[in-house]
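Trainee: Sending over a structure as C-alpha cells; questions will come in a sec.
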Amino acid sequence: MKITKEEVLHVAHLARLEIGESAVERFAGQIGDILAYVDQLKQVDTAGVRPTSHALALTNAFRDDVENQHLPREESLANAPQQEDGNFLVPKVVG
Amino acid sequence: MTLYDLSIEEAHRLLKNKEITSRELTQAVLDRIAAAEGRIDAFLTVTAEEALAQAAAADRSIAAGQCGPLNGIPVALKDVICTRGVRTTCGSKILSSFIPPYDATVVSRLKRAGAVIVGKLNMDEFAMGSSTENSGFKITRNPWDLTRIPGGSSGGSAAAVAAGMCLGALGSDTGGSIRQPASHCGVVGIKPTYGRVSRYGLVAYASSLDQIGPLTRSVADAALVLKGIAGHDPADSTSVPLAVPDYTAALGVGIKGARIGIPREYAASEGLDPEVLAAVEGAVRTLKSLGAECVDISLPHTKYAVAVYYVIAPCEASSNLARYDGVKYGFRADDGADLIHMYRRTRSQGFGAEVQRRIIIGTYCLSAGYYDAYYGKASQVRTLIVEDFKKAFEVCDVIACPTAPTPAFRIGEKIDDPLTMYLSDIFTISANLAGIPALSVPCGFSAAGLPIGLQLLGTHFGEESILRVAHHFEQAKGLFKKRPVLSFTC
C-alpha cells in the first residue's frame, strides 16, 4: 500500500499536524512500508468473525448519581498555557 | 552490605528488624542515582527532598509497629504515571511543564503502603517505542553495556532497577513495554491482566491495551509490588471487581505437574537470535527438571499480532492524543494566528517524529473509506488471536517463549527504520491484544554478556501461575544474583 505525499498532508491536517516539506517525503515512505506490512492481514479469512475491541467482556460500569468532589477551578487552570478571568484563553476562533 | 542492591524482600526484613532505617536506605539509593545517572540517564525527575520526607514518615510508622511489605521501600515511576505536584512529562516536550493535580491510583496505593518515591523515569514519548530513544529529553543506556539501548518504552524503569537506582519501579505495557526492557536489562517485569490494575492517572496511549505493572530484581519482589497496586478502582471503569490474591503465598506452591505450553510457531520465527533460542530452550529444560510437563501448542494467528497492533494501537492513540491541543495544559506554540493554526503548530512542535507517525497512521486507518479495511479487519484478526490462546490454555497452564527476539541492540541501530523497530515486539504484543498476563524473567546471557529473558504467559487473572513458575525457575538458576558491573561506585 503506497501512500502519497498529498494523502499524508491531508491526513496530517485532519489530525491537526503541520508536516514540513522534508518530513512529508520521509513519512510517506515510512508509513507506506508500515501499511504494506499491515496488508498481510488481507490473507486472513475473517468471514463471520466478530471484532474484538476489548479483550475482556466488559459491561458498562455504573455508580450511583451522587454529588462528588471535583477539581477546584484554580487547580483545573493551573497548567493552562494562557488563562483569563478564570477561563482558558485561546486565539480567535471566528473572524 | 550494599543497601541499594537489596531486594525489596531483604530490605523489608532489615527495616522490620530495625537493622536499617528507610532514611538510610533512601539516602543510599539517592547517592547511587547521583553516581550512576550521568552514565545511565534513567531519570527525568529525582524527588530527593520528598523522598527523604516520605522515608522519615515511613520510619515513624515502622517504629509504631506498621511494617507492611512496601513500607519505607524506595521505588520510582515511569513518567507516564501522574504524580500530584510532581512534573509528569510522558517523555514528551508537549508535557514538559505539566504538573498533575492528582495522583494516579497506583501512586495513591503505593503512598498508602508507605513506599518512598525517588523520582520519575525516562521513556519513549507517550510510550511509543522499543528502545527509549524516542524520549523527547534524553537517551537511557543499558547498564550491562552503555552503548546499547535498555529496551522500551519503560527503558528508564528497567535500567534504574538493574543499576540499583531504585529497589523496584512501575512501568506500563501496551505491546511489551514492561517485558522487553526487563528482558534487555536482566530484571523481572510483569504486565498484569487487562483490568487487574487501575489505569486512572496513567496517561493513555492505546486504552484497550495499556496496563501498569512492576519491574523488580526478583519474582518475589514483583509479587509484592503487584499486590500493592492491583485491585478494583471505581475511577477506572475497565478495572475488574475481583479480589486480589496473595501473590507471595502463591509462590510457595511447587510446579510439579504444571503444564507448560511451547508454541511450535515461535522457534522458526524469522529474526529470532540463535542465542536467545538456546537460552529459552535451556530454560524449558530447567522447568522440566523441576517437574513441569511440556505440551506442544499452536498459536497460528500470532504471526499477525504485530500487524494487528500497528493498526489498533495507532488508531486508539490518534484519538487519545487529540487532547494535546495547547489549551488546557502543556506546551502551546506562540505564533498561531487563529485556533486551527495554534493547534497544528503546537502539536507539530510538541510531538516527536514517532508520535506524529503513529497519529497519521491511526487517523488514516480510521478515516472514511479505510476504517473497515484496517481497523475493522484488525479487530477481527484480534478475535482469532484471542481464540488461539483460549484453545492453547485448554491443554496447558502457562505458555513459555522468548520475550524479545534478540538481546539489546545498539543505540541508533534501528531508529531510522520504524518497521524493524516494531518487529522487536513480535513475541510480546499478542498478550496485550488478548488481555492476558505475561512476565519476563532473566534466563541467561549472550556470549557478549547481555541478558536474555524468558516470557511466561497465563490465562486471564492467572498471575499466580506465571509468577509461581517464574519464581521456581529463578530460584533454580540463581541468575537474579548477577548484577551489571558498572565502572563506578558510590
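Trainee: Calculate how large, on average over all directions, the projected area of the Cα convex hull of segment B:3-250 is; give the answer in nm² to one decimal.
Mentor: Taking the Cα atoms of segment B:3-250, their convex hull projects to 11.7 nm² on average.
Trainee: Also, quick follow-up: Give, as a single signed number, the net charge of other residues whose beta carbon lies under 13 Å from the beta carbon of residue B:25, with Lys and Arg counted +1 and Asp and Glu -1.
Mentor: -1
Trainee: Continuing with the same structure: Pairing the Cα long axis of helix A:21-38 with the longest principal axis of chain A, what angle in degrees results, from 0 to 90 and rounded to the nearest 10?
Mentor: 70
Trainee: Between segment A:2-78 and segment B:41-87, what is the C-alpha centre distance in whole Å?
Mentor: Value for the Cα centre distance between the two parts: 35 Å.
Trainee: Here's another thing I want to ask about it. Given the convex hull over the Cα atoms of the protein assembly as shown, what projected area results after averaging over all orientations, in nm²?
Mentor: 27.0
Trainee: Determine the total buried accessible area between chain B and chain A, counting protein heavy atoms only with a 1.4 Å probe; round to the nearest 100 Å².
Mentor: Adding both sides of the contact gives about 5200 Å².
Trainee: Report, largest value first, the span of the C-alpha coordinates of segment A:1-50 along each principal axis, in whole Å.
Mentor: 42, 20, 12
Trainee: While we're on this one: Note down the nm distance, to one decimal, between modelled labels 7 Å out along Cα→Cβ at residue A:78 and at residue A:6.
Mentor: According to this spin-label approximation, the distance is 5.0 nm.
Trainee: Mind listing, in residue-number order, the residues in segment B:311-353 that have at least 50 Å² less accessible area with every protein chain present than in their own chain alone (1.4 Å probe)?
Mentor: In segment B:311-353, residues shielded by partner chains: B:327, B:328, B:332, B:339, B:344.
Trainee: Return one whole number: the accessible area per residue of the protein assembly as shown in Å², for a 1.4 Å probe.
Mentor: 38
Trainee: So, one more: Percent of alpha carbon pairs in chain B separated by more than 31 Å?
Mentor: It works out to 38 percent of all Cα pairs.
Trainee: What shape does chain A take by its C-alpha gyration tensor, where a ≥ b ≥ c are the square roots of the eigenvalues and a/c under 1.5 counts as rounded, a/b above b/c as prolate, and the rest as oblate?
Mentor: Since a/c reaches 1.5 but b/c is at least a/b, the shape of chain A is classed as oblate.
Trainee: For segment B:294-409, state what percent of all Cα-Cα pairs lands in each successive 5 Å bin, counting from 0 Å until the bin that includes the largest distance.
Mentor: Final binned percentages: 2, 10, 14, 14, 14, 12, 11, 9, 6, 4, 2, 1, 0, 0.
Trainee: Top mean-square fluctuation among A:11, A:66, A:38, Gaussian network model of chain A, C-alpha springs under 10 Å?
Mentor: Comparing A:11, A:66, A:38 in a Gaussian network model of chain A, the most mobile one is A:66.
Trainee: How far is helix A:5-14 tilted off the main Cα axis of chain A, in degrees rounded to 10, range 0 to 90?
Mentor: Once rounded, the angle reads 20 degrees.
Trainee: Among all the lysines, which ones have a C-alpha under 24 Å from residue A:2's C-alpha, if same-chain residues fewer than 8 places away are not counted?
Mentor: Counting by Cα, and skipping residues close in sequence, residue A:2 has these lysines nearby: A:42, B:303, B:377, B:414.
Trainee: Taking 7 Å along the Cα-to-C-beta vector as the label spot, tell me the residue B:273-residue B:288 distance in nanometres, rounded to one decimal.
Mentor: Placing both labels 7 Å along Cα→Cβ, they lie 2.5 nm apart.
Trainee: Next question, about the same structure. Relative contact order of chain B: what whole-number percent is it, with Cα pairs under 8 angstrom and at least 6 residues apart?
Mentor: Relative contact order comes out at 18 percent.
Trainee: Going by Cα centres, segment B:370-412 and segment B:159-218 are how many Å apart?
Mentor: 18
Trainee: If Lys and Arg each add +1 and Asp and Glu each add -1, what is the summed charge of the other residues whose beta carbon sits under 15 Å from the beta carbon of residue B:305?
Mentor: With Lys, Arg at +1 and Asp, Glu at -1, the neighbours total -1.
The values are calculated or read from the model by the stated rules, or taken from the named source; none is laboratory data. Predicted model only: the values in this text are computed from it and were never measured. For neighbour counting, all protein chains shown are included, and Cβ atoms are generated from backbone atoms with ideal geometry for every residue, glycine included. Accessible surface areas use protein heavy atoms only, side chains included; no ligands, DNA or RNA. Shrake-Rupley method; radii C 1.70, N 1.55, O 1.52, S 1.80 Å.
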